[in-house]
Structure formats: structure tokens, C-alpha cells
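One structure below.
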Amino acid sequence: MPDQRPGEKPPSSVSEIAALAKVFEAHRPRLTAMVQRRIAPALASRVDPEDILSDAFLRARLRWSKHDRAMSDYAWLYRITLDCLIDAWRSANAGDRSLQKEVPWPERSSAELGMGLVGSITSPSEALGRNELREKIAWAVQQLKPEDREILGMRHSDELSYQDAAAVLGISQDAAMQRYARALRRLRKLWNQIEPHDAEEPRS
């Protein structure tokens, strides 16, 4: 069970617990998908998505009474689940001296994100195979700064609105929109280095 922080207490009634459980179950599929996308194959045997979701529910239960309703239920649970994932990832990599602060996006998830953003960029007649295409797109996404990958992933993979992404990141909605636009431009520039003939813009 997660450590209880000052001011945190479990819901005081069965109805409050039931309300939280209903909200959590409604968003569980997207939360599970988010966790699965962020767990690299090498860590899959040590980090179980279901364990992450269980920890997230326990933390949410402690904080439910202080849930800021200005933040959507999904964004609130997303932030808690992401924190649980980060803690689990750090624990699994405790012996790594080069430990990063953020959970890195696995290559497969980078490829999926990039494919969705860059769109259909080759025709069947082109020699570039789909596997090679995925590798190139994954490389481009991996070259982005962590904050760029994060905002692109939140918007396109995790289905967060600008408002929700801003709440999760602790920034204004305008700042989230600007960060997203900059990330798209950087991805466009990286992709043009690989495929300079491709004139199509990534989809927003």
C-alpha cells in the first residue's frame, strides 16, 4: 500500500468508495493502455500493469476526498497512475546510475506514436519496407526531448485534451498548446532529415 501523506485519508463512507470505484473502472481501459505503452519489453517481467493500476486505485482512494473537480476525473487518475508507474520504474532500475527522471518511451511505442503523427507517407510502389519505415519513425521520435514526446503521447496516444494535458503537467492550457506545436515542428524537422522528399505535415 502506498505511504499515506499528511492530510490524506480513505473515503469515509461506502458510497464514496463506490463512487471512486465506478469512476476508476470507467477509465481503466485507457489507463491500462497508457501503462502498457510505457513499459519496455525488458521491464515487462518486473513491472506488471495490473500492479500499477492497483497501486493507483489505493492512492486515489486516499486522495479522493481532496480531488480538485477543476481537473477531470481522467486527468486526475492519469496523473496518479503515471506517478505509480514512475515509482515502479525507478524501483526496478534502482541500481542504474544513469537513471532518468522520466519513464522512457519504448521503441515500439515511439514507432506507433510516430506512425500516427506522420501519417501515410509512402505509397505501395516505394521500395521502403514497412519495418524500415517504423524503424525510421521510431528513431525520429526517440530523438525528441522527453517533454516533446510526453505532450505528443498525451494528446495522440493517451487521448488527453489540451486542458487535461495542461492539468497533468501543471502548466496553462496555452502553454500546453504551444509545447505541442513546438514538438510537432521538431518532429517534422527530424523527419525531413530522413525523408526530405516527404512534404506532408504531421496530423494535429
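Quick notes on this structure:
- Search result, residues across region 11-58 that are in contact (Cβ under 8 Å) with a residue 40 or more places away in the chain and either among the acidic types (Asp, Glu) or within 14 Å of Ala88 (Cα to Cα) (or both): Glu16, Val35, Arg38, Ile39, Ala40, Leu43, Arg46, Val47, Asp55
- Here the condition is being outside the structural domain of Cys84 (by TED's automatic domain parsing), at pLDDT below 95 and not aromatic (Phe, Trp, Tyr); of Ala176, Ala166, Ala183, it holds for Ala183 alone.
- Scanning region 173-191 for residues that are farther than 25 Å from Leu133 by Cβ and crowded, with 16+ Cβ neighbours inside 10 Å yields Ala176, Met177, Arg179.
- Selection of first residues in region 142-166 that are closer than 16 Å to Ala75 by Cβ and of second residues that are assigned to a helix (DSSP H, G or I) and β-branched (Val, Ile, Thr), restricted to Cβ pairs under 8 Å at least 6 apart or on distinct chains, gives the following pairs, ordered by first then second residue: Met154/Val168; Leu160/Val168; Ala165/Ile151.
- Yes/no for Lys66 being surrounded by fewer than 16 Cβ atoms within 10 Å (Cβ to Cβ), out of contact with any helix residue (DSSP H, G or I) (no Cβ under 6 Å at 6 or more places or on another chain) and either modelled with pLDDT of 80 or more or in the same structural domain as Gln163 (by TED's automatic domain parsing) (or both): yes
- Members of region 17-49 found to be modelled with pLDDT under 85 and outside any loop (DSSP other than H, G, I, E, B), listed by number: Pro41, Ala42, Leu43
- Applying the criterion of being aliphatic (A, V, I, L, M), more than 13 Å from the chain's Cα centre (by Cα) and part of a helix (DSSP H, G or I) to the residues of region 73-113, the residue that is modelled with the highest pLDDT is Ala88.
- Top-ranked residue of region 135-167 - restricted to ones that are part of a loop (DSSP other than H, G, I, E, B) and among the hydrophobic types (A, V, I, L, M, F, W, C), ranked as farthest from Leu184 (Cα to Cα): Leu160
- Filter result (of a type in the set (Gly, Ala, Ser), closer than 13 Å to Val23 by Cβ and not in a helix (DSSP H, G or I)) within region 57-72: Ser72
The values are calculated or read from the model by the stated rules, or taken from the named source; none is laboratory data. None of the values given here were measured: they were computed from a predicted structure. In this analysis, Cβ positions are derived from the backbone assuming ideal geometry, glycine residues included, and neighbour counts consider all displayed protein chains.
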